[in-house]
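The values are calculated or read from the model by the stated rules, or taken from the named source; none is laboratory data. The model shown is predicted, which means the values in this text are computed figures rather than measured ones. So basically every Cβ, Gly included, is an ideal-geometry build from the backbone, and we count neighbours across all protein chains shown. Note: accessible area is taken over every heavy atom of the protein model, side chains too, but ligands, DNA and RNA are not part of it. Shrake-Rupley method; radii C 1.70, N 1.55, O 1.52, S 1.80 Å.
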Amino acid sequence: MSKISQRRALLLAAIVPALLVAGCSAGNNTQAMKGAASPGTPTDMDSMSPGETDTSPDATDEASPTDTAGGGQAQSAVQGFFSAVKSGNVDQVVNSFSDDAVAAVNGQPTAEGSEAIRTLFQKQLQGNGMKQATHTIDESRTAGDTDAIVRSTSKQGSDNYRELFVLTKDGEEWKISQFMNNKAS
């Protein structure tokens, strides 16, 4: 296992269980999802205020003044992903992910790697009923200089979804390394 894969595995092992426990116990109380009802993670993380995203191509995003490690840039990468999904641009969607990324989309087999992610999103975007979807970034946190977590919610037709993104810095660019979504109950 490469050093990067080990770091991602440790990051996921530390963060995902806490987010899942908080989400399951939160119900409609979003304060629990922000960490009030869950133990802190073992990493020092900066957080940004939640906000509705504007996924239009000319949308701009400014990081909060306390975000010194790139959480705003990671949030912008997720907004770019949402823009690509809404436009139906599969190439741009795939380019949002790292080469060895994993995507677990509600009701679909897990996709690992660029080609599997391309196949997954080609199916997802057929007919592109996601053009009218709305997306809200609920939380964006950095974990050191090269990792970030972004949590969002989306409304697609009458369905509500929760998304969790783990991003890794690839050179100067943030790429999605892990993506998971599911229908909110």
> Which one is most open to solvent (accessible area, probe 1.4 Å), of the residues in the stretch 74-96 that are modelled with pLDDT under 95 and either acidic (Asp, Glu) or assigned to a loop (DSSP other than H, G, I, E, B) (or both)?
Replying inline: Asn89
> Within the stretch 97-108, how many residues turn out to be open to solvent by 60 Å² or more (accessible area, probe 1.4 Å), modelled with pLDDT of 95 or more and either touching an Asp or Glu at 6+ places or on another chain (Cβ under 8 Å) or of a type outside the set (D, E, K, R) (or both)?
Replying inline: 1
> Given Thr110, Thr119, which one is free of Cβ contacts under 8 Å to residues at least 12 places away in the same chain, hydroxyl-bearing (Ser, Thr, Tyr) and under 19 Å from Leu164 (Cα atoms)?
Replying inline: Thr110
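So which of Phe121, Phe179 ends up being modelled with pLDDT under 95, on the phi < 0 side of the Ramachandran plot and of a type outside the set (S, T, N, Q)? Write out each step before concluding.
Working: Phe179 fails: modelled with pLDDT under 95.
Within the list Phe121, Phe179, the selection yields Phe121.
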> Would you pick out the residues in the stretch 139-162 that are under 23 Å from Gly129 (Cα atoms), assigned to a strand (DSSP E or B) and open to solvent by 10 Å² or more (accessible area, probe 1.4 Å)?
Replying inline: Arg151, Thr153, Lys155, Gln156, Asp159, Asn160, Tyr161, Arg162
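Give the residue that is least open to solvent (accessible area, probe 1.4 Å), with candidates limited to residues of the stretch 109-138 that are among the charged types (D, E, K, R) and not in a strand (DSSP E or B).
Arg118
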> Could you say whether any residue in the stretch 155-165 is touching a Ser or Thr at 6+ places or on another chain (Cβ under 7 Å) and hydrophobic (A, V, I, L, M, F, W, C)?
Replying inline: no
> Going through the stretch 176-185 one residue at a time, which ones are open to solvent by less than 20 Å² (accessible area, probe 1.4 Å) and touching a helix residue (DSSP H, G or I) at 6+ places or on another chain (Cβ under 7 Å)?
Replying inline: Ile176, Ser177
> Regarding Val150, is this residue in contact (Cβ under 8 Å) with a residue 60 or more places away in the chain and either over 10 Å from the mean Cα position of the chain (by Cα) or more than 15 Å from Ser83 (Cβ to Cβ) (or both)?
Replying inline: no
